[in-house]
2 protein chains.
Amino acid sequence: MRYAVLGTGMVGHTLADKLIAMGHEVRMGARDGDNPKAVDWAEGKGPGAGHGSYADVSEWAERIVFAVNGAKLLDVAVAATKEATADKTIIDVTNPLDTSNGMPPTLVPEMSNTTSAGEQLQLKLPDARVVKTLNTMNHLLMVDPGRLSGSHDVFLCGDDEAAKADVIGMLSEFGWDDPIDLGPLAAARGMEGLMPFWLRMWGVVGSADFNYKIVRN
Amino acid sequence: MRYAVLGTGMVGHTLADKLIAMGHEVRMGARDGDNPKAVDWAEGKGPGAGHGSYADVSEWAERIVFAVNGAKLLDVAVAATKEATADKTIIDVTNPLDTSNGMPPTLVPEMSNTTSAGEQLQLKLPDARVVKTLNTMNHLLMVDPGRLSGSHDVFLCGDDEAAKADVIGMLSEFGWDDPIDLGPLAAARGMEGLMPFWLRMWGVVGSADFNYKIVRN
């Protein structure tokens with residue numbers, strides 16, 4: 001499968017590395033197609049890896065991962081373009097964090113509560129098929145659920161069932177056996193709304209190596 | 001211990017019943033001191049039970065539980081009065097849900113994200129000692145964690161350590177052995193922010209009998 005990973009930060013690197021390790025072709029996208037972090041990454045990963053602008057890697061890809069700063073998600077969506085993302089499954093792992101109020105961050109008001117980053121992304125790219133997932137945990141855990149002993153949960157939501165099936169397949173490759181489908185993309189409000197809680201729990205645990213498990217009978 | 005339980009809904013009834021069962025004296029508070037639901041409850045519960053206005057039961061009590069509609073929390077705080085709540089531990093189990101946008105509810109904007117119902121309650125009652133807890137689950141589970149098999153978590157936060165110790169004691173009577181202290185009352189933003197997620201999960205589970213467990217190594 002050809003994956004574009006938009007974002008050159010830790011989350012983008014971790015996801016891109018894992019997808020390469022799973023045998024996929026991956027291009028890391030950035031605003032500048034010659035972004036040094038993306039170039040360095042691609043050069044270190046062999047022939048299956050590449051880099052390019054948001055639009056170029058999206059055009060090339062079959063699936064597109066948004067692993068960028070959530071507060072800047074919509075700018076990246078515009079740069080990726082409607083045309084290059086049309087009919088493609090988008091995997092949105094972002095959180096719309098607002099650091100302008102100090103730490104811990106709050107949520108960007110225009111992207112939370114009565115809407116979400118996931119929904120706003122879908123509105124910007126109406127022909128793409130957005131699925132929200134993996135945003136409720138640390139990046140290392142995203143691709144290695146076995147880091148934690150015992151079972152724990154990953155969630156997803158989206159309006160397109162075929163795209164969700166694609167994402168469930170990707171999650172299975174990452175080691176997630178039984179993801180919880182929360183339904184329509186509007187459930188991203190709930191998934192992104194976990195982040196302020198997560199940030200507090202991070203302080204309590206003293207490490208990002210924790211996750212939620214939904215306990216039921 | 002003398003507990004006032006403000007609120008005559010399901011949550012108030014469940015908590016008041018449990019506190020009576022644990023041997024405490026309990027008065028159920030309402031806007032109208034002769035609220036029929038509060039009168040009925042008190043008459044059915046024997047000599048340890050009573051009822052009265054928000055201010056009267058708060059004045060009488062040593063600890064005060066806010067189990068009212070979160071969107072109306074501040075009106076209830078004003079009615080309970082600064083004077084009657086001064087120096088007392090307040091147990092705030094509310095969620096500031098806004099049903100004006102349809103279902104599922106969103107959060108009241110003025111009581112979420114950069115603030116919380118818990119913090120707003122503390123501002124209204126500056127001499128009280130507000131602790132947020134139990135708002136992250138269904139009311140039946142609040143007083144009976146054994147309804148679910150396996151371990152799962154309850155959280156609390158507040159700015160007053162002595163008040164948190166009071167609440168940890170109450171939670172222990174309810175069957176919660178190891179509550180997770182998230183720190184200052186501002187962590188209520190995170191705890192209340194779980195509710196939109198909870199409402200989605202409720203739909204998936206098809207029952208309110210579920211809870212979060214924080215999995216860590």
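Odds and ends about this structure:
- Picking from residues in the range B:200-212 that are at the interface with chain A (Cβ under 7 Å from one of its Cβ atoms) and of a type outside the set (Gly, Ala, Ser), the one that is nearest to A:TYR212 (Cα to Cα) is B:TYR212.
- Test result for B:MET103, modelled with pLDDT of 95 or more and more than 7 Å from every other protein chain (Cβ to nearest Cβ): no
- A:ASP127 meets the conditions (1) more than 8 Å from chain B (Cβ to nearest Cβ); (2) in a loop (DSSP other than H, G, I, E, B); (3) under 23 Å from A:LYS18 (Cα atoms) in every case but one. The failed one is (3).
- B:MET22 being at pLDDT 95 or above and within 21 Å of B:VAL130 (Cβ to Cβ): no
- Output for the range B:128-186, where each listed residue is over 16 Å from the mean Cα position of the chain (by Cα) and among the basic types (Lys, Arg): B:ARG147
- Failed item in (1) at the interface with chain A (Cβ under 8 Å from one of its Cβ atoms); (2) part of a helix (DSSP H, G or I); (3) surrounded by fewer than 21 Cβ atoms within 10 Å (Cβ to Cβ); (4) not charged (D, E, K, R), with B:VAL215 passing the rest: (2)
- Residues located in the range B:1-12, provided they are out of contact with any Asp or Glu (no Cβ under 8 Å at 6 or more places or on another chain) and either surrounded by fewer than 19 Cβ atoms within 10 Å (Cβ to Cβ) or among the aromatic types (Phe, Trp, Tyr) (or both): B:GLY9, B:MET10
- Subset of the range B:70-129 [small (Gly, Ala, Ser) and farther than 27 Å from A:GLY190 by Cα]: B:ALA77, B:ALA79, B:ALA80, B:ALA84, B:ALA86, B:ALA128
- Leading residue by the ranking (nearest to B:PRO104 (Cα to Cα)) among those in the range B:175-198 that are part of a helix (DSSP H, G or I) and of a type in the set (Gly, Ala, Ser): B:GLY193
- Residue list for the range B:132-167, filter: among the aliphatic types (A, V, I, L, M), more than 10 Å from every other protein chain (Cβ to nearest Cβ) and over 30 Å from A:LEU107 (Cα atoms): B:LEU140, B:VAL143, B:ALA162, B:ALA165
- Qualifying residue in the range B:40-62 (condition: surrounded by 23 or more Cβ atoms within 10 Å (Cβ to Cβ), more than 15 Å from B:GLY118 (Cα to Cα) and β-branched (Val, Ile, Thr)): yes
- Residue match in the range A:37-54 (condition: more than 14 Å from the chain's Cα centre (by Cα) and closer than 22 Å to A:PRO126 by Cβ): yes
- Selected residue (only one of A:ASP127, A:ASP75, A:ASP159, A:ASP153 is closer than 23 Å to A:TYR3 by Cβ and in contact (Cβ under 8 Å) with a residue 40 or more places away in the chain): A:ASP127
- Tally, over the range A:177-197, of residues that are free of Cβ contacts under 8 Å to residues at least 40 places away in the same chain and either touching a Gly at 6+ places or on another chain (Cβ under 8 Å) or crowded, with 21+ Cβ neighbours inside 10 Å (or both): 5
- For the range B:118-127, residues that are within 21 Å of A:LEU199 (Cβ to Cβ) and under 14 Å from the mean Cα position of the chain (by Cα) total 3.
- Taking the range A:169-187 as the range and being away from every other protein chain (no Cβ under 13 Å), closer than 21 Å to B:TYR212 by Cβ and touching a strand residue (DSSP E or B) at 6+ places or on another chain (Cβ under 8 Å) as the test, only A:LEU171 passes.
- Candidates A:ASP160, A:ASP153, A:ASP144, A:ASP166, filtered to the one that is within 16 Å of B:LYS213 (Cα to Cα) and not aliphatic (A, V, I, L, M): A:ASP153
The values are calculated or read from the model by the stated rules, or taken from the named source; none is laboratory data. For clarity, every value in this text was computed on a predicted model and none was experimentally measured. Here Cβ is always computed from backbone atoms with ideal geometry, including for glycine, and neighbour counts include all displayed protein chains.
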